[in-house]
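Trainee: Pasting a structure here, questions to come.
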Amino acid sequence: MLYPIIMCGGDGTRLWPASRPDRPKPFIPLAGSPTLFAQTLGRIRALPDAAPPLIVGGAAHARLIEDALAEASLPGTVVIEPVGRDSGPAMAAAAWLVRQRDPAGVCLFLAADHHIPDTEAFARVIGQAVDQALLGGLVTLGVKPTWSSTAYGYIRPVSSAHGGVRPVEAFVEKPTRDKADRLIADGCLWNCGILVARATTLLEELQAHAPEIATAAGAAVAGGRTEAGHFLLGDAFLEAPKLSMDFAVLEHTDVCFVVPADFEWSDIGTWDTVLGCSVRDADGNNLSGAAFAQSSSGCLIQAGPGVTIAVAGVHNIAVIAERGQVMISDLGQAGDLKRLVERARASDQPSLPPLGDIGARLRRWMDVSALPLWWSLGADHGRGGFHETLGLDGRPSDIPRRLRVQARQTHVFAQAGGRGWSGPWRQAVDHGLSYLQAAYRRPDGLYRTQVSETGGVLDDTALLYDQAFVLLALATAAGAGVEPGRLEEDALQLLSGIDRTFGHDRGGWREQAASPFQANPHMHLLEACLAWMAVSADPRWLETAGRIVALARDRLIDPAGGFLGEHFDADWTLAGEPGRQTVEPGHQFEWAFLLGRWVMITGDQNLRQVPGRLYAAGQRGLDRRRGVACDEMNTDLGITRSTARLWPQCEWIKASILLAGLEPDRRDIHQTEAAQAATGLFRYLETNIAGLYRDRMDITGQFRIEDAPASSLYHIAGAVETIQAGLDLR
């Protein structure tokens, strides 16, 4: 079977400003025509018995590819490169995937951005190439030149051969004009970059001529994973040499053939070629959008949305206006704009706002929008407690309620009151505390996990994780002045119950769950103890916090990798298959923040380097393209789940601010990182109703359409408080 493989790379430089990194050339309509990617999908439809295509590209363009496939009603597999390594590794990975599916499969490698208007002629030539590929050849298509281009490479066929398919004698890189004339006179063809080969043949030739590419690509496929409907190549792809398939194999193999193609072809690389492939009016102009011309000829005028362009008395120019950017060029200079475009794009890069401005903006969002909204709509004023989620239309969910959400929301409003918010924080805190006691407190003094919307018991289990959040809510409320004596008495009774119920004879505490030895409940218990240390002199808080710190230092943190895992065996060794255990970037930041606070409070110099190591481990989970922290890594600190929830962004902010105080020689670096993290967070807060937020970003940078979970407000509030505290310390 024939497997079309569309290579979809590039950052959108040559046709700026219409083409740009977030929407490069294949995905923009040029001169009023369908996108080049849509045209490529249309040519695939004309191929008899072709399998659904594989599209190889970067994560930045995955959503564009999905949308184009959906619009064309064509199934396909999107293969995500972790980083661009030129065509050689990308084509090798695709060949491995095809061979897995069909050992006899034939690959057809196509660029996503070529202009080939004659679909029937294209299908006919591909048929000739497939016949030769089935005999064991690597078959390229060579377009018959129509002019002496210096922008294209050339293929020199063996001159003595006859017939449609001929062996390749040599590949010639982009020549001078005089050399191009001689090449054409000798019967050379343009190299259009289309290749047809059996997957097994291509991989055999890669093993012979570029084994590093074959090995790395094979390992990347073996170590890849399916996520959100895409196939993500493994990190071994990064080890592949950055080479084109021409340099890696085609220029060295003895089994390369070329099929002369007699169809019209262009790679649409410059604005003059766009005009040459476009429908023009009687004066030779192509006008798209709100573009108008008078006494002008041979012009390409493209007006983007919201822009009107009028020209008069001009000839042979391009005027392209998109999103506040304008490019004007003589079409004779259209092929020599790279340096100019790079300068223009560099000047358009946004700078990060000062951290003080970020803190003020976040605090306004919290005080003016989020807190009033989550009290007025997020609290159940009839039955008590807080709702689990709010829809993006502001409607509360009527679903079972977890203890952790009630405790977190109580903490958030107490925290706001403690820093001087003038809203009804005391009313909200009393509302939350009374519901905790009435609906969740068990006869033994511990707190159950879940109740129904009406307060009926659904899960009477007491989880250590949840008890920690009750302690945190009590500490914050006491710190805000809400009955501190009574709340501390309740908290100390709960702490005794925690030791009695969850204590583990090998140190730490045992969770009441299928995975009983977890780091996460200890982290939040440490958070609660640190909160109580700020408002109480009772030594039991310091002693409990010290036990957690010692466990983290001696058992939970990997001494070599500097990271902290999630699940452990009874002796506190990391559980699970080596190399595949889960490591969460957000938790590295959260632990870095808490252990850093411990160092600042106690002066524990033995732990001073640990927060920085945890922070560095967390940074391995950052996707710099999207500007966010991803959800999961493995113990090799390679990203294994690229979705990005809201909460790790907040913990990235907190850890950056903490380290700016703990490492004064790196203060500016960490404050810049905090600004970067906050810039990513602001994207989650962009909703139609101020005070709500998106919770989950996919690999393409898009957000899932789902309710806003109340539990995430705790993380945002923590980031707001930490930024303000960091600014106050400067």
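The values are calculated or read from the model by the stated rules, or taken from the named source; none is laboratory data. A quick note: this is a predicted structure, and the numbers were derived from the prediction, not measured. As a convention, Cβ positions derive from the backbone with ideal geometry for all residues, glycine included, and neighbour counts pool all protein chains shown. Side chains included, ligands, DNA and RNA excluded: accessible areas come from the protein's heavy atoms. Shrake-Rupley method; radii C 1.70, N 1.55, O 1.52, S 1.80 Å.
Trainee: Could you tell me which residue of segment 13-27 is modelled with the highest pLDDT, considering only residues that are open to solvent by 10 Å² or more (accessible area, probe 1.4 Å) and part of a loop (DSSP other than H, G, I, E, B)? Give the steps one after another, and end with the answer.
Mentor: Applying the first criterion (open to solvent by 10 Å² or more (accessible area, probe 1.4 Å)) to segment 13-27 yields 13-14, 16, 20-23, 25, 27.
The next check asks that each one be part of a loop (DSSP other than H, G, I, E, B); those that pass are 13-14, 16, 21-22.
Numbers: T13: 71, R14: 76, W16: 85, P21: 77, D22: 76.
Here the answer is W16.
Trainee: Let me spell it out: the conditions are (1) closer than 24 Å to E488 by Cα; (2) hydrophobic (A, V, I, L, M, F, W, C); (3) open to solvent by less than 60 Å² (accessible area, probe 1.4 Å), and I557 meets all of them except one. Which number is the exception?
Mentor: So the condition that I557 fails would be (1).
Trainee: So which of I639, I723 is within 12 Å of the chain's Cα centre (by Cα), touching a residue at least 12 places away in the same chain (Cβ under 8 Å) and closer than 23 Å to V610 by Cα? Break it down into steps so the answer makes sense when it comes.
Mentor: Numbers: I723 fails: within 12 Å of the chain's Cα centre (by Cα).
I639 is the lone residue from the list that is within 12 Å of the chain's Cα centre (by Cα), touching a residue at least 12 places away in the same chain (Cβ under 8 Å) and closer than 23 Å to V610 by Cα.
Trainee: Quick one: S73 ticks every box in (1) touching a helix residue (DSSP H, G or I) at 6+ places or on another chain (Cβ under 9 Å); (2) open to solvent by 10 Å² or more (accessible area, probe 1.4 Å); (3) part of a loop (DSSP other than H, G, I, E, B) bar one, so which box is it?
Mentor: (1)
Trainee: Would you be able to tell me the number of residues in segment 258-283 that are over 40 Å from the mean Cα position of the chain (by Cα) and open to solvent by 20 Å² or more (accessible area, probe 1.4 Å)?
Mentor: The qualifying residues number 6.
Trainee: Let me ask something additional. Specify the residue that is least open to solvent (accessible area, probe 1.4 Å); the eligible residues are those in segment 484-521 that are over 38 Å from the mean Cα position of the chain (by Cα) and of a type in the set (K, R).
Mentor: For segment 484-521, the residue satisfying everything is R486.
Trainee: Conditions: (1) more than 11 Å from Q512 (Cβ to Cβ); (2) of a type outside the set (F, W, Y); (3) open to solvent by 50 Å² or more (accessible area, probe 1.4 Å). G481 meets all but one. Number of the miss?
Mentor: Evaluating G481 over (1) more than 11 Å from Q512 (Cβ to Cβ); (2) of a type outside the set (F, W, Y); (3) open to solvent by 50 Å² or more (accessible area, probe 1.4 Å) leaves (3) as the failure.
Trainee: What single numbered condition from (1) within 25 Å of G603 (Cα to Cα); (2) touching a strand residue (DSSP E or B) at 6+ places or on another chain (Cβ under 9 Å); (3) open to solvent by 10 Å² or more (accessible area, probe 1.4 Å) fails to hold for I669?
Mentor: Result: I669 fails condition (2) only.
Trainee: Please tell me if Q588 is open to solvent by 20 Å² or more (accessible area, probe 1.4 Å), modelled with pLDDT of 95 or more and on the phi < 0 side of the Ramachandran plot. Break it down into steps so the answer makes sense when it comes.
Mentor: Details: open to solvent by 20 Å² or more (accessible area, probe 1.4 Å): no; modelled with pLDDT of 95 or more: yes; on the phi < 0 side of the Ramachandran plot: yes.
The answer is no for Q588.
Trainee: Just wondering, is there one or more residues in segment 35-57 that are surrounded by fewer than 20 Cβ atoms within 10 Å (Cβ to Cβ), of a type outside the set (G, A, S) and at pLDDT below 90?
Mentor: Yes, the conditions are met somewhere in segment 35-57.
Trainee: Could you give every pair whose Cβ atoms fall below 9 Å, whose first residue belongs to segment 209-237 and is more than 21 Å from A60 (Cβ to Cβ) and in contact (Cβ under 8 Å) with a residue 24 or more places away in the chain, and whose second residue is polar (S, T, N, Q) and outside any helix (DSSP H, G or I), counting only separations of at least 6 or pairs across chains?
Mentor: Listed pairs, sorted by first residue: H209/T253.
Trainee: A further question follows. Determine whether segment 423-439 contains at least one residue that is touching a residue at least 24 places away in the same chain (Cβ under 8 Å), exposed (fewer than 15 other Cβ atoms within 10 Å of the Cβ) and closer than 18 Å to S496 by Cα.
Mentor: Checked against the condition, which is being touching a residue at least 24 places away in the same chain (Cβ under 8 Å), exposed (fewer than 15 other Cβ atoms within 10 Å of the Cβ) and closer than 18 Å to S496 by Cα, segment 423-439 yields no hits at all.
Trainee: Please specify each residue of segment 292-318 satisfying the condition of being free of Cβ contacts under 8 Å to residues at least 24 places away in the same chain, within 22 Å of A344 (Cβ to Cβ) and assigned to a strand (DSSP E or B).
Mentor: I301, A303, T308, I309, V311, I317
Trainee: Name the residue that is most open to solvent (accessible area, probe 1.4 Å), counting only residues in segment 672-697 that are of a type in the set (A, V, I, L, M, F, W, C) and part of a loop (DSSP other than H, G, I, E, B). Give the derivation first.
Mentor: In the first step, residues of segment 672-697 are kept if they are of a type in the set (A, V, I, L, M, F, W, C); the result is 674-675, 677-678, 681-682, 685, 689-690, 692, 697.
With the extra rule that they be part of a loop (DSSP other than H, G, I, E, B), the set shrinks to 685, 689.
Working: L685: 18, I689: 53 Å².
The qualifying residue most open to solvent (accessible area, probe 1.4 Å) is I689.
Trainee: Out of curiosity, is T449 out of contact with any helix residue (DSSP H, G or I) (no Cβ under 7 Å at 6 or more places or on another chain) and within 22 Å of V405 (Cβ to Cβ)? Steps first, please.
Mentor: On the way: out of contact with any helix residue (DSSP H, G or I) (no Cβ under 7 Å at 6 or more places or on another chain): no; within 22 Å of V405 (Cβ to Cβ): yes.
Taking the combined requirement at face value, the residue does not satisfy it.
Trainee: Limited to segment 150-171, what total is found for residues that are over 18 Å from V255 (Cβ atoms) and over 39 Å from the mean Cα position of the chain (by Cα)? First the steps, then the outcome.
Mentor: We begin by selecting, within segment 150-171, every residue over 18 Å from V255 (Cβ atoms); these are 150-154, 159, 162.
Next cut, over 39 Å from the mean Cα position of the chain (by Cα) only: 159, 162.
Number satisfying all stated conditions: 2.
Trainee: Taking the condition surrounded by fewer than 17 Cβ atoms within 10 Å (Cβ to Cβ), farther than 14 Å from R540 by Cβ and either touching a Ser or Thr at 6+ places or on another chain (Cβ under 6 Å) or in contact (Cβ under 8 Å) with a residue 60 or more places away in the chain (or both), does T461 pass? Outline the logic, then answer.
Mentor: Numbers: surrounded by fewer than 17 Cβ atoms within 10 Å (Cβ to Cβ): yes; farther than 14 Å from R540 by Cβ: yes; either touching a Ser or Thr at 6+ places or on another chain (Cβ under 6 Å) or in contact (Cβ under 8 Å) with a residue 60 or more places away in the chain (or both): yes.
Criteria met by T461.
Trainee: Do we have any residue at all in segment 324-333 that's open to solvent by 80 Å² or more (accessible area, probe 1.4 Å), at positive phi and part of a loop (DSSP other than H, G, I, E, B)?
Mentor: Yes, segment 324-333 contains a residue that is open to solvent by 80 Å² or more (accessible area, probe 1.4 Å), at positive phi and part of a loop (DSSP other than H, G, I, E, B).
Trainee: Would you tally the residues in segment 94-136 being open to solvent by less than 20 Å² (accessible area, probe 1.4 Å), closer than 15 Å to V259 by Cβ and part of a helix (DSSP H, G or I)?
Mentor: Looking only at that region, the number is 6.
Trainee: Which condition from (1) open to solvent by 40 Å² or more (accessible area, probe 1.4 Å); (2) at pLDDT 90 or above; (3) in contact with a Leu (Cβ under 8 Å, 6 or more places away or on another chain) is the one that V79 breaks?
Mentor: Exception for V79: condition (1).
Trainee: OK, next. Among all residue pairs at least 6 apart or on different chains, which show Cβ distances below 6 Å where the first residue, located in segment 178-204, is part of a helix (DSSP H, G or I) and the second is open to solvent by 10 Å² or more (accessible area, probe 1.4 Å) and at pLDDT below 95?
Mentor: That search, which allows pairs on different chains as well, returns A180/S148; A180/T150; D181/S148; I184/P145; T201/G136.
Trainee: Quick check on L371: is it modelled with pLDDT under 95 and open to solvent by less than 70 Å² (accessible area, probe 1.4 Å)? Before the answer, list the steps.
Mentor: Values: modelled with pLDDT under 95: no; open to solvent by less than 70 Å² (accessible area, probe 1.4 Å): yes.
Judged against the criteria, L371 is not a match.
Trainee: Oh, and also: Look at Y693 and say whether it is without any contact (Cβ under 8 Å) to a residue 40 or more places away in the chain and touching a strand residue (DSSP E or B) at 6+ places or on another chain (Cβ under 9 Å). So that I can check it myself, show each step before the final result.
Mentor: On the way: without any contact (Cβ under 8 Å) to a residue 40 or more places away in the chain: no; touching a strand residue (DSSP E or B) at 6+ places or on another chain (Cβ under 9 Å): yes.
So Y693 fails the test.
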